[in-house]
């Protein structure tokens, strides 16, 4: 394969991954809007997207694998291909977590509406922002932007802890709303996991750009 | 690098990954024993292991990356190296989930003991068995054994759903035990996720051995 064709194929792979990312973001958006608006149609869309995400994941993995097998990628390209494979896995899990959110949201809709003192919109906005920034850093090869994602993860963790506490207090006052409050706890934990996946993506971008492994070096988050 | 040295390095990498796996299994075992026996010393060990797991993960990833960059691995070796990198990520997450379990177990110990009608031992035994079988299939390059792991995942999912329901019923009777019951729900979900990671590992072994991508092809589970 001539070198120029190879560079084209790397660019195609990046586009394929970004399409996969758009699908994962769309799925999360549907799940959260379906939950916020009590919209079963949106929640059904989430289930349908899962199949498309799984097909997209396979397609990205296969293309990355073919490029590795047929070429002898140089260091920077090899790091890019490995980053693509890892990011692809994180995007698929964002899809899975979104399906979990949609399941809990559907369960909430099937029960009497409970007036719970909780608003997950702020948490989901921040989580979606982390994904957006992580993907932008991938698009631009921008390690500084990727680092800004790492700093946001602590805020999402704290929101999750606050919601957990608030729901315990709520259930003790109104045990009849236990099932509903438990669904909120689980949606909140899913959002927290999605934020972890956005963090992983940002770390993989840094690995691609710098060749440095920043995982578990949290001090970098505040550079 | 002469070919024989290269084969030696691949064998070394497999050993490194198995040591990482032993650490992850040990951490899960400590977390569950700490929970079952209310043993704070064991729960502290879990936190300590996390650092060791993170270091081991970096070391495996770096060695796999070096082998890819310095050699031009043939198809079967390339698939093996990619499988190692993915399995390594799943083992690290098993470690993370075990830390989450230990945190909820420590929270349980800090509260009045609640007499909850739940036994997580069966679920954790099955989950640990899935990890063990997945690793054995890696050791032996045995795709049939790997497939047997996929079939067990549904049982763990069902146990998680049963525990979720039982805890909702329990809280409605005894709201004063809400925090404790919520911790059980979360430990159960962590075990369910760990079973998912064991499933991922089994799928990666099949990919390595057969070159086929079995993800999302659940019919293979019952071959």
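Every number here is computed from the coordinates shown, using simple stated rules; none is lab data. Note that the structure is a prediction, hence the values are computed from the model and not measured. Here the Cβ is made from the backbone with ideal geometry for all residues, glycine too, and neighbour counts use every protein chain on show.
The average projected area of chain B, computed from the convex hull of its Cα atoms over all directions, is 12.5 nm².
Neighbouring Cβ atoms from other chains, within 10 Å of the Cβ of residues in A:171-183, number 5 on average. Legend: mean number of C-beta atoms from other chains within 10 angstrom of residue C-beta atoms, peptide B:59-69, equals 3.
Extents of the range B:138-187, largest first, come to 51, 16, 7 Å (Cα atoms, principal axes, whole angstrom).
Across the range A:1-64, Cα-Cα pairs farther apart than 15 Å form 57% of the total. Using Cα atoms only, what is the angle between the long axis of helix B:178-210 and the major principal axis of chain B, expressed in degrees (0 to 90) to the nearest 10? Relative to chain B, helix B:178-210 is tipped by roughly 20 degrees. Highest mean packing comes first when the peptides A:105-112, B:200-207, A:121-128, A:83-90 are listed by Cβ atoms within 10 Å, giving B:200-207, A:83-90, A:121-128, A:105-112. Compared with the dominant principal axis of the Cα atoms in chain A, helix A:40-70 is inclined by about 20°. Each pair of Cα atoms in the range B:1-128 enters the Kirkwood radius, and Stokes-Einstein at 10 °C and 1.306 mPa s then converts it into a translational diffusion coefficient of 98 µm²/s.
Rounded to the nearest 500, the 222 nm mean residue ellipticity of chain A from helices alone is -30000 deg cm²/dmol, with -39,500 (n - 2.57) taken per DSSP H run of at least 4 residues. Calculated on C-alpha atoms, the gyration radius of the protein assembly as shown divided by its Kirkwood radius gives an Rg/Rh of 0.96. D by Stokes-Einstein for the range B:90-181, Kirkwood Rh over Cα pairs, 4 °C, 1.567 mPa s: 85 µm²/s. Copy-to-copy label distances for residue B:59, where each label lies 7 Å from Cα along Cα-to-Cβ, are 4.1 nm in order of increasing length. Computed from Cα positions, the angle between helix A:121-140 and the longest principal axis of chain A comes to roughly 0 degrees. Counting Cβ atoms of other protein chains within 10 Å of each Cβ in A:13-26 and taking the mean gives 0. Most tightly packed first, judged by the mean number of other beta-carbon atoms within 10 Å of their residues, the peptides A:24-31, A:75-82, B:48-55 read A:24-31, A:75-82, B:48-55.
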